[in-house]
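The structure appears below as structure tokens.
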Amino acid sequence: MTKVHNFSAGPSILPQEVFQEASEAVKDFNGLGLSLLEISHRSKDFVAVMDEACALVKEIYNLGDDYEVLFLQGGASLGFLTSAYNMMREHKKGGYIVTGAWAKKAAKEAKWLGGMHEVASSADTNFNYIPKGYDVPSDIDFLHYTSNNTIFGTQYHEVPKTDAALVCDMSSDIFCRPLDAKQFDLIYAGAQKNMGPAGTTLYIVKKDAIGKSSIDIPTMLDLKTHADKESMFNTPPVFAVYVSMLVLRWIKKTGLQTIGQNNAAKANALYSEVDRNSLFKGTAAVEDRSIMNGCFVLNDGVDEALNQQFLDMCKDANISGIKGHRSVGGFRASMYNALPLESVEALVDVMKTFESKFG
Ligand SMILES: *Cc1c(COP(=O)(O)O)cnc(C)c1O
């Protein structure tokens, strides 16, 4: 099989060794003569998987027993509502920084609960920057933000300062570099961008933030339900949790320091070429550029017909998933943890060839 350079925005590239191990577990798990997919989630073999996955998350982020780790379902999209439900306190209001499509959807769920205050937004310029210099009101119960804006290619490079409880959707940049996770009351992330396959959502929540909501919560949306049963209140998505556990082992082995350096090197290689190449320009404010999702478009005055030419050239070079999201257009190179630098170099080569042909 020819190697495909996988720049998919999500579900996305995972470490290749994980696929090997995961496919073996589907055929015969732990030498049981049974597939991972046909044993009880309450069997000791699967309970060990869940326990290890949770322990790895804590280890990688250096978290102690004051944090609970959960693997749930519903995607980050249900996390929008779950987080709002669980974090409401006396003010029954969350503060939201609206930095993109996902952040907007998160705010919408809080609005539905009757408690959304928009703290800041970058909607005025199609979300191409991270707002700075805004006031956070004191009558909010929590501040919610989206650490990486998958669609628009912006990313927080510093955790926002606030006295309020901090809640973050980290779906597309969790484990992308070292992070002091102790600053957060609640982190949630759909697995399928940087941590595993689609089908499970990671919640990292401070224990003393569980069961404190000022509003009644339906059973399945109450983090207490799941914390009390160690993510086994109902049947967990066993395959997604297992593969996430394998990826977490790889993250631990590689180390967040190294992962962060690799991601910085990839982003630097891409953006250097975007800035150098006369046919392209980046769409995000330079200081807010994401190291996960690099968005770029044809430069001003370049014939729009060249969009398809570039996509065709990428395809010929076995580069996959480079078409930009419809709300930005152009191109998006998603460079999640498992993407090797050589894939970015292959893309940069195509960008150079493209310029020499059409520039
Ligand atoms: C993909 C994505 C989501 C949506 O995740 P689902 O698991 O599909 O619900 C939410 N937030 C961010 C930042 C994302 O990248």
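The values are calculated or read from the model by the stated rules, or taken from the named source; none is laboratory data. Note that this is a predicted model, so its numbers are computed, not measured. Note that we place each Cβ from the backbone using ideal geometry, even for glycine, and neighbour counts take in every protein chain shown. Protein only, heavy atoms only, side chains kept; ligands, DNA and RNA dropped before computing areas. Shrake-Rupley method; radii C 1.70, N 1.55, O 1.52, S 1.80 Å.
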| said: Yes or no: region 65-74 includes at least one residue that is assigned to a helix (DSSP H, G or I) and either under 21 Å from the mean Cα position of the chain (by Cα) or of a type in the set (A, V, I, L, M) (or both). | reply: no
| task | Examine region 59-66 for a residue that is out of contact with any Lys or Arg (no Cβ under 9 Å at 6 or more places or on another chain) and either open to solvent by less than 10 Å² (accessible area, probe 1.4 Å) or in the same structural domain as LEU223 (by TED's automatic domain parsing) (or both), and state whether such a residue exists. | result | no
| Filter result (within 16 Å of the ligand (Cβ to nearest atom), in a helix (DSSP H, G or I) and either outside the structural domain of VAL47 (by TED's automatic domain parsing) or in contact with a Leu (Cβ under 9 Å, 6 or more places away or on another chain) (or both)) within region 227-253 | PHE239, VAL243, SER244, VAL247
| remark: Scanning region 29-62 residue by residue, those of a type in the set (Ser, Thr, Tyr) and either closer than 16 Å to ALA240 by Cα or more than 20 Å from the chain's Cα centre (by Cα) (or both) turn out to be SER35, SER40, SER43
| remark: The residue from LYS224, LYS193, LYS207 that alone is modelled with pLDDT of 95 or more, within 11 Å of the ligand (Cβ to nearest atom) and open to solvent by 10 Å² or more (accessible area, probe 1.4 Å) is LYS193
| query | Out of the residues in region 17-38 that are open to solvent by 20 Å² or more (accessible area, probe 1.4 Å) and touching a residue at least 12 places away in the same chain (Cβ under 8 Å), which is nearest to VAL238 (Cα to Cα)? | reply | LEU37
| remark: Requiring at least 3 residues that are among the small types (Gly, Ala, Ser) and away from the ligand (no atom under 16 Å from the Cβ), the strands (runs of 3 or more DSSP E) wholly within region 101-187 are none
| said: Which count do you get for residues in region 38-75 that are under 20 Å from LYS224 (Cβ atoms) and within 16 Å of the ligand (Cβ to nearest atom)? | reply: 5
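Residue-wise test of (1) more than 21 Å from LEU81 (Cβ to Cβ); (2) more than 24 Å from the chain's Cα centre (by Cα).
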| site | (1), (2) |
| --- | --- |
| VAL205 | no, no |
| LYS212 | no, yes |
| HIS226 | no, no |
| LYS253 | yes, no |
| GLN257 | yes, no |
| ALA265 | yes, no |
| Can you name the number of the only condition in (1) under 28 Å from PRO197 (Cα atoms); (2) at pLDDT below 95; (3) not β-branched (Val, Ile, Thr) that LYS108 fails? | (2)
| Taking ALA333, is it of a type outside the set (D, E, K, R) and either assigned to a loop (DSSP other than H, G, I, E, B) or out of contact with any helix residue (DSSP H, G or I) (no Cβ under 7 Å at 6 or more places or on another chain) (or both)? | no
| said: If a residue must be closer than 28 Å to ILE322 by Cβ, aliphatic (A, V, I, L, M) and open to solvent by less than 50 Å² (accessible area, probe 1.4 Å), how many such residues does region 100-159 contain? | reply: 5
